Amino acid sequence: GKLNSYLADINEQAEDLFFRLVKELAEKENVTEKMKANTPLEWVQKMNNIRSRAAEVVHAEVVFV
């Protein structure tokens with residue numbers, strides 16, 4: 001009966017870490033709303049890269065522990 005609550009907790013931790021990492025990496029690499037307006041394709045490329053790296057970190061630190 002505790003599996004669902006455990007999995008929900010892990011999911012919440014993973015989501016929190018993912019969104020925090022995406023925000024931090026985007027700020028660090030100057031991926032801004034201004035870039036999104038001026039060069040949308042470059043913004044998408046950079047955000048896809050950031051999201052991919054953040055997902056790898058989350059999987060390594062939270063999911064596959």
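Structural remarks
- With respect to the stated conditions, Val63 is surrounded by 12 or more Cβ atoms within 10 Å (Cβ to Cβ) and either among the basic types (Lys, Arg) or at pLDDT below 95 (or both).
- All positions within the stretch 45-55 that are within 9 Å of the chain's Cα centre (by Cα) and not β-branched (Val, Ile, Thr): Arg51, Ser52, Arg53, Ala54, Ala55
- Number of the exception - Arg51 against (1) touching a residue at least 40 places away in the same chain (Cβ under 8 Å); (2) open to solvent by 80 Å² or more (accessible area, probe 1.4 Å): (1)
- Subset of the stretch 38-60 (residues that are more than 14 Å from Gln13 (Cα to Cα) and either at pLDDT below 95 or not hydrophobic (A, V, I, L, M, F, W, C) (or both)): Asn38, Thr39, Pro40, Glu42, Gln45, Lys46, Asn48, Asn49, Arg51, Ser52, Arg53, Glu56
- Top-ranked residue of the stretch 17-46 - restricted to ones that are over 22 Å from Val57 (Cα atoms) and in contact with a Phe, Trp or Tyr (Cβ under 7 Å, 6 or more places away or on another chain), ranked as most open to solvent (accessible area, probe 1.4 Å): Lys36
The values are calculated or read from the model by the stated rules, or taken from the named source; none is laboratory data. Predicted model, so just to flag it, every value in this text is computed and none were measured. For neighbour counting, all protein chains shown are included, and Cβ atoms are generated from backbone atoms with ideal geometry for every residue, glycine included. These accessible areas exclude ligands, DNA and RNA; they are computed on the full protein's heavy atoms, side chains included. Shrake-Rupley method; radii C 1.70, N 1.55, O 1.52, S 1.80 Å.
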